[in-house]
Amino acid sequence: MVSRRVLIVEDEKIIALDLQRRLEKFGYRVVALCATADEAVAKALEHYPDIILMDIMLGGERDGIDAALEIKQRQSTPVVFLTAYADDNTVARAKKAEPVGYVLKPFKERELRTTIDIALYKADVDRKLQEQEQLFETIFDTMNDGLIAVGADQEIKFLNPVARDLTGVFDQDVTGHPLQEVLSLFDEHSQLPATIPFASVLGGDTFTFENVYLESEQGGRVDIAGSISPIRTNYGTDGALVTFRDITSLRKMSQVIEYQASHDTLTGLMNRDEFFSRLKQVADAAQDSPLQHTLIYLDLDQFKIVNDVCGHQAGDELLRQVSSDVKGIVASEEHLLARLGGDEFGILLINTDIARAMTSAHAILASLNRKFIWQKHAFHVTASIGIVPVRGTNADIYNILAAADDASYLAKEEGGNIIKVYEMEDYTFLKRRGEMQWISRLNHALDDNQFELWGQPIVSANGAARDHQEVLIRMVDTDGRLISPSDFIPAAEKYNLMPAVDRWVLARALDLLAAMHTEGRNPLFSINVSGASLADESFLDYAEELISTHSVQGSQICLEITETAAIANLSRATAFMRRLKNLGVTFALDDFGNGFSSFSYLKTLPVDYLKIDGSFVKDIADDLIDRALVVAVNDIGHVMNMKTIAEFVKDGQTRALLEEIGVDYLQGYEIAKPAPFSRP
C-alpha cells in the first residue's frame, strides 16, 4: 500500500521532529518540515501532499491560517490545524480556511492518528464527489438537450449552456428565478401559454410536452419538445428536472416532408392521395348537409402528342402552365385543386352548385384553348372536362370519382375541348358505367368474401426444407368462375380499394396460419401489401392488432412491398417495417431491380429479402444483360445481409443458372404452379 504523504508546518523544531517520528511510525511519509507560512505554501505547491498538519502560530508576518487560506485558493489539499489556541477569534479565522480537523495541543498520539485518518478519508470522499461533479458538469455542458433543475418551489437551481442559449438568458444569473420566467412555453396551435402540471410532477408523474414553442428573452421563437420529471430523494420529491431540445429544424423538415407527401412535386398542387382524402371528408359531410359541391375532372387532350414529339421536359412545362392557369381561375382558398396523375387534374369547388361550376369550367376551357410552343414546335392545347355534383344523394366517393372519370372520358370521346356534366340516366353514361362495374364487383366481393387464397411455394436453392409460400388472391365470380388479379387489381388501385383488399387477404391468411398451427404445421407466408396500404395510417394498427390476436408467430409472416411503393413512401415504409419487426415479422422488397437508383434506399429500409424482378429472371438463359442484372442484385443483397428470391423461374435451365449465381430462394412454374389453399 502506498504511504500517504504528509507536510508538517511547525515553527518549533523539536515538536516538528517529534511529529515526524510519530507519523512515520504510523506508516505515513513526511515530505517536508516547514517553519513559516511562505515556506508552507511553497512546499505544498512543490510536493502536493495528501494532508498538511499546520500549526497556527508561526514565525514571521503571516500565521498558519494565512498559509492555509492561500493553499486553499491554489490547490485543494486538506489541512488539519494543530494549535494551543482555541479562542473564538482564532477559531472564526480558522473556519475560513475550511480545515478538515482542529486538534488542540497537547494532543494524544491516538487522537492525532484518528484525526488524520478521518481527515484523509473525508478528503478522499470529497475528491471523488468533486470528480463526479466535474464529470456531470461536463456531461451537462456538452449534451445537446437543454437542462433546467428546479426546486419544489419551481425556482431555478441550475441551467446547462444549451438551456441558457435556447431561453436566451445566456450569462445572466437566473438562479432562484421562477421557472415560468425563463421557460415561457406556448401552444403552437392556439398561441396561448402552455400549462405545466407541476403539482402532478411533484406527485411523481413525468410530463412530456410537444407541439409547443418557447419565447426567448430576445423575443425569438424556438420549437421544442421534452419532458419534466420529478427529482426523487430518500426524503421524497425535491423538485423537477426539465429536459428539452430544439426541434425547429426537425419540424421544418417534417413540414417539408408532409408537404411533399401531400403535393405533386412538379406542379406544387395537391396530389392524388391527398385530394381523394379531402374529397372523402367533403363527401361524408355532405350526407348531413344541404350544401352542394362540385367536382371538376380535367384531362388534357394533346398531352401525349407533346410528350412523344418533344419529350418529357416539354410535357412537364405544359403541366406547369396548365396548373398556373387553373390556379389563377380557381383562386379561392376553400376550393381544392390537385394533379391526379399524368395529365389529369381534379378541382373540388366547395359550396358551389352546377351552374356556378359551369362558369368556372368554361373559363378554364377557354384559358387552355391556346397554342403551346416548345422550341420549333407548336401545339393546339385543349382539355376535356367532366363535372359531377357532390351532395347528400351521391356522397359515395367511389361513385363520385367513377362518374367524374366517365364524364371526362365521354368528353374526350366526343372530340375534346368540351364539358360534360354527369347525368345518371343518360345512355352514354350508363354504357360507360357498365365498363366501370369493377368497383361495385370489388365491393361486393369484399362484403361477401368472394375471394379465394392461393399459394405458390418458395423453395430454398440449397435444398433446405421450409414450408414457405407466397399468398395470392383470386376473385370468385357469381357463376363460380375464377378471376385473375390482373383483371381486378388495376381497378382496385385506381379507385383506392387496395387497402380493403389487403386487409381481407391479411385477415384470411392469418386465419389459415392459425388453422394450420392446430394441425401441427407452421409455414411461412409471404403476403403482399400495396402502396395504398402503406399510405393508410390505420393499416399498420390493423395489422398489429390482427397479428397479436391470432395464435401465430410473427416469424411466420413475411410482408412483400414493391420497390416502387417503398420508395414512394420511404419514411412511412421504414416506420411500418420497424414497428412490425418488433413482432417478429420479416419483409421482402418485391419486383426489385426495375430502377437501380433504388440501391441507395436499401440502407434505410430494414428488409430481409430481395425479390429479384421476374422480368430479369425469366430470360437469363438467353439474355446476358438480364443475367448480369440478376447477378448484381443478388450480390448487393448478400453484401447487405439480405436473402434473395428469384421469381418467374420457368424451367430447369433457368433454375440451374440461378443456383449457380447463388440466389437463395426460387419461385415459379418450374418449382410449382399456384394452387388454392383449403379453407380454414
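One residue is enough: does the range 593-606 have a residue meeting the conditions crowded, with 19+ Cβ neighbours inside 10 Å and under 22 Å from LEU666 (Cβ atoms)? Yes; the residues of the range 593-606 include at least one that is crowded, with 19+ Cβ neighbours inside 10 Å and under 22 Å from LEU666 (Cβ atoms). Within the set VAL322, VAL242, VAL306, the sole residue that is modelled with pLDDT of 90 or more and either buried (at least 19 other Cβ atoms within 10 Å of the Cβ) or in contact with a helix residue (DSSP H, G or I) (Cβ under 8 Å, 6 or more places away or on another chain) (or both) turns out to be VAL322. Would you be able to say whether some residue in the range 116-126 is of a type in the set (Ser, Thr, Tyr) and within 54 Å of the chain's Cα centre (by Cα)? Yes.
Does at least one position in the range 8-19 carry a residue that is more than 16 Å from ALA68 (Cα to Cα), touching a strand residue (DSSP E or B) at 6+ places or on another chain (Cβ under 6 Å) and assigned by TED's automatic domain parsing to the domain that holds ILE116? Yes, the range 8-19 contains at least one residue that is more than 16 Å from ALA68 (Cα to Cα), touching a strand residue (DSSP E or B) at 6+ places or on another chain (Cβ under 6 Å) and assigned by TED's automatic domain parsing to the domain that holds ILE116. In the range 268-327, the qualifying residues are those that are among the acidic types (Asp, Glu) and part of a helix (DSSP H, G or I), and the one that is farthest from the chain's Cα centre (by Cα) is ASP308.
Of all residues in the range 374-403, which are at pLDDT below 85 and not aromatic (Phe, Trp, Tyr)?
Matches in the range 374-403: ARG391, GLY392, THR393, ASN394, ALA395, ASP396, ILE397, ASN399, ILE400, LEU401, ALA402, ALA403.
Out of the residues in the range 651-668 that are among the polar types (S, T, N, Q) and in a helix (DSSP H, G or I), which is nearest to the chain's Cα centre (by Cα)? For the range 651-668, the residue satisfying everything is THR654.
A quick yes/no check of all residues on (1) among the acidic types (Asp, Glu); (2) over 24 Å from LEU510 (Cβ atoms):
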site	(1), (2)
VAL585	no, no
ASP590	yes, no
ILE612	no, yes
VAL617	no, yes
ILE625	no, yes
LYS650	no, yes
ALA656	no, yes
VAL663	no, yes
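With respect to the conditions (1) part of a helix (DSSP H, G or I); (2) surrounded by 15 or more Cβ atoms within 10 Å (Cβ to Cβ), THR359 lacks only one, and its number is (2).
Somewhere in the range 77-98, is a residue closer than 20 Å to VAL31 by Cα and polar (S, T, N, Q)? Within the range 77-98, one or more residues are closer than 20 Å to VAL31 by Cα and polar (S, T, N, Q). Among the residues making up the range 21-32, those that are under 18 Å from ARG113 (Cα atoms) and in contact with a helix residue (DSSP H, G or I) (Cβ under 7 Å, 6 or more places away or on another chain) are ARG22, PHE26, VAL30, VAL31.
For the range 59-95, the tally of residues that are at pLDDT below 85, within 14 Å of CYS34 (Cα to Cα) and among the aliphatic types (A, V, I, L, M) stands at 1.
Residues of the range 257-296 that are more than 23 Å from ALA568 (Cβ to Cβ) and crowded, with 16+ Cβ neighbours inside 10 Å: VAL282, ALA283, ALA286, GLN292, HIS293, THR294, LEU295, ILE296.
In the set (1) among the β-branched types (Val, Ile, Thr); (2) in contact with a Leu (Cβ under 6 Å, 6 or more places away or on another chain); (3) closer than 30 Å to ILE257 by Cβ, the condition left unmet by VAL459 is number (3). A residue that is touching a strand residue (DSSP E or B) at 6+ places or on another chain (Cβ under 9 Å) and part of a loop (DSSP other than H, G, I, E, B) occurs somewhere in the range 454-462.
Here's the yes/no breakdown for (1) of a type in the set (Asp, Glu); (2) in contact (Cβ under 8 Å) with a residue 40 or more places away in the chain:
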{"site": "ARG22", "(1), (2)": "no, yes"}
{"site": "ARG29", "(1), (2)": "no, no"}
{"site": "ASP38", "(1), (2)": "yes, no"}
{"site": "ILE51", "(1), (2)": "no, yes"}
{"site": "ASP66", "(1), (2)": "yes, no"}
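Scanning the range 328-349 for residues that are out of contact with any strand residue (DSSP E or B) (no Cβ under 8 Å at 6 or more places or on another chain) and not in a loop (DSSP other than H, G, I, E, B) turns up GLY328, ILE329, GLY341.
Matching residues to (1) closer than 30 Å to HIS550 by Cβ; (2) in contact (Cβ under 8 Å) with a residue 12 or more places away in the chain; (3) not in a helix (DSSP H, G or I):
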| site | (1), (2), (3) |
| --- | --- |
| THR574 | yes, yes, no |
| LEU580 | yes, yes, no |
| ASP591 | yes, yes, yes |
| LEU605 | yes, yes, yes |
| LEU629 | no, yes, no |
| ILE636 | no, yes, no |
| VAL649 | no, yes, yes |
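Restricting the range 215-231 to residues that are more than 25 Å from the chain's Cα centre (by Cα) and in contact (Cβ under 8 Å) with a residue 24 or more places away in the chain, the residue that is surrounded by the fewest Cβ atoms within 10 Å (Cβ to Cβ) is GLN218.
Inside the range 643-666, residues that are over 20 Å from PRO457 (Cβ atoms) and surrounded by 22 or more Cβ atoms within 10 Å (Cβ to Cβ) make up a count of 0.
With respect to the conditions (1) surrounded by 15 or more Cβ atoms within 10 Å (Cβ to Cβ); (2) of a type outside the set (Val, Ile, Thr); (3) under 23 Å from the mean Cα position of the chain (by Cα); (4) over 30 Å from ALA403 (Cα atoms), ARG508 falls short on a single one, namely (3).
Residue by residue through the range 62-99, note down the ones that are over 25 Å from ARG127 (Cβ atoms), in contact with a strand residue (DSSP E or B) (Cβ under 9 Å, 6 or more places away or on another chain) and surrounded by fewer than 16 Cβ atoms within 10 Å (Cβ to Cβ). Within the range 62-99, ALA84, TYR85, ALA86, VAL91 qualify. Among the residues making up the range 467-493, a single one is among the basic types (Lys, Arg) and surrounded by 12 or more Cβ atoms within 10 Å (Cβ to Cβ): ARG474. The residues of the range 369-417 that are surrounded by fewer than 15 Cβ atoms within 10 Å (Cβ to Cβ) and within 16 Å of ILE354 (Cβ to Cβ), listed by number, are GLY392, THR393.
When the criteria are applied in full, ARG339 fails the requirement of being surrounded by fewer than 14 Cβ atoms within 10 Å (Cβ to Cβ) and on the phi < 0 side of the Ramachandran plot.
The values are calculated or read from the model by the stated rules, or taken from the named source; none is laboratory data. Keep in mind the model is a prediction, meaning the values are calculated, not measured. Cβ coordinates were reconstructed from backbone atoms using ideal geometry, including for glycine residues, and neighbour counts include every protein chain displayed.
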